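The values are calculated or read from the model by the stated rules, or taken from the named source; none is laboratory data. Please read these numbers as outputs of a predicted model, since none were measured by experiment. Here the Cβ positions follow ideal geometry from the backbone for every residue, glycine too, while neighbour counts run over all protein chains shown. SASA here: full protein model, heavy atoms, side chains in, ligands and nucleic acids out. Shrake-Rupley method; radii C 1.70, N 1.55, O 1.52, S 1.80 Å.
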2 protein chains.
Amino acid sequence: MTPTDDPRGHVTPALTDGLLRALLDSLGRSGVLTEPDDVAPYLTDWTGTHHGRVGAVLRPRDTAQVSDAVRLCAEAGVAMVPQGGNTGLCGGATPDASGRQVVLSLGRLRRIREVDPAADTMTVEAGVPLATAREAAAAAGRLFPLSMGSEGSCTIGGNIATNAGGTAVLRYGMMRELVLGLEVVLPDGRVWDGLRAVRKDNTGYDVKQLFIGAEGTLGVVTAAVLRLFPQTPCRATAWLAPRDVDAAVAILSVLRERAAERLTAYELVSRQALDMVLAHVPGTRDPFRENHPWYALVELGGPAAAEDLDTVLEASLGEAFERDLLVDAAVATGTAQREALWLMREGVSEAQRSEGPSIKHDVTLPIGDLAAFVADVGTRLRALLPGIRLVTYGHVGDGNLHYNLSGPVDDPSALLVLRDELTAVVYERVAQRGGSISAEHGLGTTKRDAAAALKGEVELDVARAVKGALDPTGLMNPGKVLLT
Amino acid sequence: MTPTDDPRGHVTPALTDGLLRALLDSLGRSGVLTEPDDVAPYLTDWTGTHHGRVGAVLRPRDTAQVSDAVRLCAEAGVAMVPQGGNTGLCGGATPDASGRQVVLSLGRLRRIREVDPAADTMTVEAGVPLATAREAAAAAGRLFPLSMGSEGSCTIGGNIATNAGGTAVLRYGMMRELVLGLEVVLPDGRVWDGLRAVRKDNTGYDVKQLFIGAEGTLGVVTAAVLRLFPQTPCRATAWLAPRDVDAAVAILSVLRERAAERLTAYELVSRQALDMVLAHVPGTRDPFRENHPWYALVELGGPAAAEDLDTVLEASLGEAFERDLLVDAAVATGTAQREALWLMREGVSEAQRSEGPSIKHDVTLPIGDLAAFVADVGTRLRALLPGIRLVTYGHVGDGNLHYNLSGPVDDPSALLVLRDELTAVVYERVAQRGGSISAEHGLGTTKRDAAAALKGEVELDVARAVKGALDPTGLMNPGKVLLT
């Protein structure tokens, strides 16, 4: 290896001729990118804030080629950065600035190997986009429930590496709960075929759990067996004005009690967030005459066969009114109204972008602590920056808030000056209440040190022991998730 | 340490006086058992087939005492065998014959630390019996869904260590899916406080997954945060005669499509198994006039609020009749009938005991392979031992068969002579079809080597690397799950 540093900032070959030749022999011309224009899309992340350099971008076509690529790089001592759809939010798939790493793109492993609707399983390769996997399940009359804004670009491999969440976690769980089996290339290039398709398997350590959520630091996921579910064509959807956050949580209990697993989504939106949506997202309209401090979007889902989800929803809301938890409610009477209600929730992120710079937090709280957290942290942030706008919303059914901040209307950029102080307040309060500072986005490099500071030494030691055991040379996505 | 060997077979002190004194100082007299009568209940497992000897049985009262005990034993180089309710079926909690190990009983860690019905969580200590945990949840109006025959004796810690299954896995998952957080004493005595109560936490490796299903070989679980669910007081239950096993699987699809998550149980019973139940279990009666080769028990469950589960069940069965999948069906019209149907399923194990010796297998198959597996393996076993009785039943909704064998009526003991050959046929066919030879019982020592023979070297290497990283001295339940 002869790493070089190019003062012009271009990509320079940091790999030996011997390694490059061996990689070309295995992966072919289309599998080894070294030209600046070719590698550029792999060097900057989706948020535009993380940039790196590489010796090459490797694009294997199948598991055997991934195995070859990893083995050759490992033998040469070259660090590898696995990359899926490159839509991560924490820099976990971006190479460092040295130019001595390679990006290992899984984007060409795009085969859907099998869909088995009777067994409710699907075997797909790492580079299959989430939307494509969902469509393949739907074509077989099944539901693959993972869903999120980036689903057209993000890939199954990335979803597994980051244990992705999204809008249906309340009912179906995180990606970890949707994986039955994995195929993984280990840091030395050996392939572990763990593509089991059974739900019950108690034959020793559940090795697949190691690789889910490890952000490519323990090996490279090349394929997975995923769980499928019945489709839920029937929906019942409502927009609520709960009395306050505590009441929103109590209404969630009422809904769970009456609808059980049919409760598919329960999302919170603050008035501040709704104001931005109404101002910036065309076609949105407040369904209530009066303003309220908080709103919740509820959706039940069920199979096509005889059901009356509307009855269950209305009975739940009736109880919530009687118990004085609910101030107002609007139930969607058709698809157009349902989509209009969802737009008020899904438009928040775009609307906030129109209001200037923002600071985003993705936190989980024990659900009973949500009200106190919101009140306490809000007070402290307003003291730090008077006029700060708290664009609070998220998957409240899971205790997950996207606790985002915008600056004062008359000086939106004031926010960024105080970034560290504001985030410190949020993280400190999350930690005090036993929550998580990354509910569904992972750590990458962005949150790595903040997470480490909040974890005890014991847990960090266990994590480092696992990393050392599986990747003793430390060449798999070094510096991501944890410092070793 | 001065291990001695007592030719009379009694327990002899294998621990140094210094270690015993230190343990007594920390745990008190009631926490250190050395008298033969006192230790005897801890030395033989529930099946009566595994026996061991010990230097002492340690009975810590709380997590701090567990930590002390582990640290002292680790420093003295004494191996520890964690034990819960001692109801395991694979010898995972039985000490070896050397007399140099200690049993570390978690039975006195019996506190229910918290039940939070609003958050749907419960924090319990390892020694709490499963039935007690279920009752505490019910007293708060919630459901803890794990349920099995041994629930009065088995403990939450053991359920976690073996990733227990049971009768509600189809709807709620295995124990792994019910655990939100853990408190664990590591092999060096340090305490990891991972008692998180949130569902979404993507801040690095999910360390708790290591200890679930590890049978105490990586550390000692002392407490856990568990998920709770709404209760399901409404039930709809039926006993079915599907045309064959393939039809039983197709009916499962119909039920899942129409009932979605409300499908709580779907159990298969062969005619051979039912014959034994009808012969030996008082109060059982075949609801059908004609005999059928296979039966299925289906149950839907839902909240108390307005529902019509019977309608959903009857519509599902109607579709199954129309598609010629179903030959006959009996729907329970009240609690007594429901219990009578369940007795035909739950009575199989007891009925089989009345028919002489048996060989039990706990296997999972991909659900589409069930029919072919049953036909193929049945043919081969009958060729090996004409007259063999195939007492096949189990949690078919999960692909999990209790594929049990009884000998010929006129010579039941002939079975045991062929034990190894018969089991080899079953395991070989399970492995060929990508199934599991231990669906919910774990490995312990009984299935350790069979499982190793079926796994590839790559997976075993990963497992050994994890064991070596977390328990470098190998003192935590040595010889269980895997040989290092």
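Computed 3J(HN,Hα) for the range A:347-363, one whole-Hz value per residue from the Karplus formula 6.51 cos²θ - 1.76 cosθ + 1.60 where θ = phi - 60°, is x, 4, 4, 5, 4, 5, 4, 6, 9, x, x, 9, 10, 9, 10, 10, 10, glycine and proline marked x. Ligands, DNA and RNA left out, the accessible area of the range A:2-145 computed with a 1.4 Å probe is 50% carbon and sulfur. Accessible surface calculations at 1.4 Å, restricted to protein heavy atoms, place the range B:249-390 at 41 Å² per residue.
In this rough spin-label picture, where each label sits 7 Å from Cα along the Cβ direction, the residue A:323-residue A:457 distance is 4.6 nm. Normalised per residue, the accessible area of the range A:8-103 is 43 Å², obtained with a 1.4 Å probe and no contribution from ligands, DNA or RNA. Convex hull volume per residue, computed on the Cα atoms of the protein assembly as shown, equals 179 Å³.
At a probe of 1.4 Å, how much accessible area disappears from chains A and B on forming the pair, both sides counted, to the nearest 100 Å²?
Interface between A and B: roughly 6700 Å².
Separation of the range A:297-357 from the range B:175-215 is 35 Å, based on Cα centroids.
Residue A:419 to residue A:449: FRET efficiency via 1/(1 + (r/R0)^6), r the Cβ-Cβ distance, R0 25 Å, to the nearest 0.05?
0.95
For the protein assembly as shown, a simple Cβ point-charge model (Lys and Arg +1, Asp and Glu -1, everything else neutral) yields a dipole of about 860 debye relative to the Cα centre.
Using the alpha-carbon centroid of each, what span in Å lies between the range B:103-164 and the range A:21-36? Using only Cα atoms to place each centre, the spacing works out to 55 Å. Here's the picture: charge each Lys and Arg Cβ at +1 and each Asp and Glu Cβ at -1 in the protein assembly as shown, and of B:412, B:101, A:50 the one pushed furthest to the positive end of that dipole is B:101. Per residue of A:462-475, other chain Cβ atoms within 10 Å of the residue Cβ number 4 on average.
The distance between label points at residue B:409 and residue B:37 comes to 4.8 nm (points 7 Å beyond Cα on the Cα→Cβ vector).
How high is the relative contact order of chain B, in percent, with contacts defined as C-alpha pairs under 8 Å that are six or more residues apart?
That works out to 14 percent.
Amide H to amide H, with H built 1.01 Å from N, residue A:234 comes under 5 Å of A:302, A:304, counting only residues 5 or more places away or on other chains. With label points defined 7 Å past Cα in the direction of Cβ, position residue B:49 shows copy-to-copy spacings of 5.8 nm, given to one decimal and shortest first.
Our summary gives the range B:239-297 a relative contact order of 56 percent, counting only alpha carbon pairs under 8 angstrom and 6 or more residues apart. Taking every C-alpha pair closer than 8 Å and separated by at least 6 residues, the mean separation divided by the residue count of the range B:357-425 gives a relative contact order of 42 percent. Legend: calculated FRET efficiency, residue B:336 to residue A:311, from the Cβ-Cβ distance at R0 = 25 Å, rounded to 0.05, equals 0.25. Share of carbon and sulfur in the accessible area of the range B:174-318 stands at 46%, probe radius 1.4 Å.
Spherically averaged projected area of the convex hull of Cα atoms, the range A:86-137: 4.6 nm².
Please report, in cubic angstrom per residue, the volume enclosed by the convex hull of the alpha-carbon atoms of the range A:90-225. Mind dumping the intermediate values first?
On the way: hull volume 16.3 nm³, N = 136.
Cα convex hull per residue, to the nearest whole number: 120 Å³.
Counting every pair of alpha carbons in the range B:19-104, the share spaced more than 19 Å apart comes to 33 percent. Phi angles across the range A:402-413 convert, under the Karplus curve 6.51 cos²θ - 1.76 cosθ + 1.60 with θ = phi - 60°, into 3J(HN,Hα) values of 8, 8, 9, 10, 10, x, x, 4, 7, 7, x, 6 Hz, Gly and Pro given as x.
Near the amide H of residue B:332, within less than 5 Å, lie the amide hydrogens of B:237, B:238, B:239, all on another chain or at least 5 residues away, with H placed in the peptide plane. Residues whose amide H falls under 5 Å from that of residue A:222, counting only those 5 or more places apart or on a different chain, are A:183, A:184, A:185, with hydrogens built in the peptide plane. In nanometres and ascending order, the distances from the residue B:411 label point to those of the other copies are 9.7 (point 7 Å from Cα along Cα→Cβ).
Taking the Kirkwood radius as the inverse of the mean 1/r across Cα pairs, report the Rg/Rh of chain B.
Taking Rg over the Kirkwood Rh, I get 0.99.
To one decimal in nm, how far is residue A:64 from the same spot in the other copies, if labels go 7 Å from Cα toward Cβ? Please give the shortest first. Residue A:64 label point versus its equivalents elsewhere: 6.2 nm. In this simple spin-label approximation, residue A:382 and residue B:376 carry label points 7 Å from Cα along the Cα→Cβ vector, and these lie 6.8 nm apart. Three semi-axes describe the equivalent ellipsoid of the range B:292-397; taken as square roots of 5 times the Cα gyration tensor eigenvalues and ordered largest first, they are 31, 18, 13 Å.
On the basis of the beta-carbon distance and an R0 of 25 Å, residue A:17 and residue A:64 show a calculated FRET efficiency of 0.60. Only DSSP H runs of four or more residues enter the estimate; each adds -39500 (n - 2.57), and after division by the residues of chain B the mean residue ellipticity at 222 nm equals -10000 deg cm²/dmol.
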